[in-house]
Amino acid sequence: MNREVVGLLNRRNSLAHALLNSYRVVLAIPFTTSRRAMDRLLRKNEELSAILQVSQVLTRSFDLEQNLQAAMQILAGRLGMQRGCVFLLEPFSREITIVAAYGLTRDAIQRGKYRIGEGIVGRVIETGQPMFIPNIGAEPKFLNKTDSRPCKSGISFLCMPIALDGNTLGVISVDGIYNAPEGNLDDDLRVLSIVASFIAQFVLLWEHLRKAEHECGNLRSQLAEKFSLPNIVGESAPFQQVLKMVRKVAATDTTVLLLGESGTGKELIAQTVHYQSRRARKPFVAVNLAALPENLIEAELFGVEKGAFTGAAVRRAGRFELADQGTLFLDEIGELPLNLQVKLLRVLQERAFERIGSTERLTVDVRVVTATNRNLMAEVANGNFREDLYWRLNVVPIVLPPLRQRADDIPLLLDFYLEKFNRLHNRRVCLHPIAVARLKGYSWPGNVRELANTVERLVIMTDKERITEADLPPAILCFNGATPGIPDRGIGDNDDLGGQVQRLERQRIVQALQNSRGVQQQASRILGITPRQLGYRIRKYGIDLKRI
């Protein structure tokens, strides 16, 4: 659509320049003593002024009725027309209606409706050719549906098609009295032809804009529906608690910090927060800080002024500018370098910043949502993350549970991804109940992302319509309930009760440490023991805290 809009604007500008050049030639003729010649030059000047003003009015905004009404007022004031109308053809009803008029009452405008081929207006739409009626009182085809001419005798009527590239969009009509001193038919035909061309391009641009807005509205509705809470898969208690928090926080503009392991759906929750908020019609801008080189993060976030450094040939807006009035999602916030953490803190506090290479202060209204799979408190303790920035981001923390803590959601997720990938790859694959049970018992260290990849691989690779236990990946078949990556050092393969109790105790401790992200104080509260008791058991079972 952008190329079409630019093309239309270029054509209109070329036409305006050609018109100016032609009138410069006319106005360069020296004045003579002939009164008629002087009147003609004055008339030419009025025509030029009218055309230029109409061109300016039609580029003022995209308000169709307001701009066309202003254009008719200009033509009336400059060219002395008694009445004038702009008719447009409705593409669906095929009815011709008045959208702007001069010299007509509201009731008359409502009455002025035609079908294609009906009356002079309908004939012009049908043929695409202009028509001139010297005296409408003597023309039976002139229907006068508006009842705005009680005395038709002596009134002339000129009707010009509004067309572009052979497509007639409507007509422009003018009532007037044509005589030699005030102008002639050729003058008005020329002026109306140029004005009709301007209007045709404006109407086409307006239709493109209306279509684009309609499509954007549909896309926003689809996004709002896609990221609505009922459409997020998960019925387990831990995940429903997350959705409850999302529902509350979405109605506000507060800063949100999403915490959770990789693959738990942090970006999905960030998009849901945005599309369920009052900012849903504004931009959602996401940036993964871990995917950007350190020397480019500042330019990406805050923008670059032209000439700020070698290679900065143009001004470039940053992500904060692009997200104005909307939501900025900063994924992997724990990867932000210390020197940029200060600048981010200032933006969060003042909602203002400068582009690189500029002293101009820019103010934005942006809701910030951040996410990380790191333990930011541990990063603060290690000096890798500023404590003041942490508390600025940690207004409403939402912890997304790993998939192993919401095993009841695994069958629902399996159904969701089976349907998605069956449709994508044109398959009709289902899962055997025993296979579902094995998948449900797996720990899924890669969380939902690993589950989705596994289902897609199974759908693509299987030659059967039902996936059985034997078709599952070796990692899932070999899984025995122990947490991946945490070896059972210090415990033998005892079959007696004491060995089973120790194995169970170790697994519970490992799980509590993972849920608390390695914070032993929190893990001990989960387990109902003291931190000293927990420390003893960690040493007893040889649990490697670094691997957790």
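Assorted remarks:
- Residue identified as outside any loop (DSSP other than H, G, I, E, B), modelled with pLDDT under 90 and over 24 Å from Leu403 (Cα atoms) among Leu301, Leu328, Leu296: Leu296
- When the criteria are applied in full, Leu52 fails the requirement of being at negative phi, in the same structural domain as Ala108 (by TED's automatic domain parsing), crowded, with 20+ Cβ neighbours inside 10 Å and within 38 Å of the chain's Cα centre (by Cα).
- Residue in segment 480-498 that is at pLDDT 85 or above, within 23 Å of Gly260 (Cα to Cα), surrounded by 12 or more Cβ atoms within 10 Å (Cβ to Cβ) and not assigned by TED's automatic domain parsing to the domain that holds Glu379 present: no
- Odd one out for Ser221 among (1) at negative phi; (2) at pLDDT 90 or above; (3) not aliphatic (A, V, I, L, M): (2)
- Qualifying residue in segment 529-537 (condition: of a type outside the set (A, V, I, L, M, F, W, C), out of contact with any strand residue (DSSP E or B) (no Cβ under 6 Å at 6 or more places or on another chain) and crowded, with 16+ Cβ neighbours inside 10 Å): yes
- Being of a type outside the set (Gly, Ala, Ser), assigned to a helix (DSSP H, G or I), on the phi < 0 side of the Ramachandran plot and modelled with pLDDT of 85 or more holds for only one residue in Leu268, Leu209, and it is Leu268.
- Filter pass, Leu301 being free of Cβ contacts under 8 Å to residues at least 40 places away in the same chain, assigned by TED's automatic domain parsing to the domain that holds Ala250 and either of a type in the set (A, V, I, L, M) or under 26 Å from Arg374 (Cα atoms) (or both): no
- Filtering segment 117-134 to residues that are in contact with a Lys or Arg (Cβ under 8 Å, 6 or more places away or on another chain) and exposed (fewer than 15 other Cβ atoms within 10 Å of the Cβ) leaves only Gly117.
- Selection status of Gly84, farther than 20 Å from Val195 by Cβ, touching a strand residue (DSSP E or B) at 6+ places or on another chain (Cβ under 8 Å) and buried (at least 17 other Cβ atoms within 10 Å of the Cβ): no
- Test result for Glu332, surrounded by fewer than 18 Cβ atoms within 10 Å (Cβ to Cβ) and within 26 Å of Gly260 (Cβ to Cβ): no
The values are calculated or read from the model by the stated rules, or taken from the named source; none is laboratory data. Since the structure is predicted, the reported quantities are computational estimates derived from the model, not experimental observations. Virtual Cβ from ideal backbone geometry, glycine too; neighbours counted across all protein chains shown.
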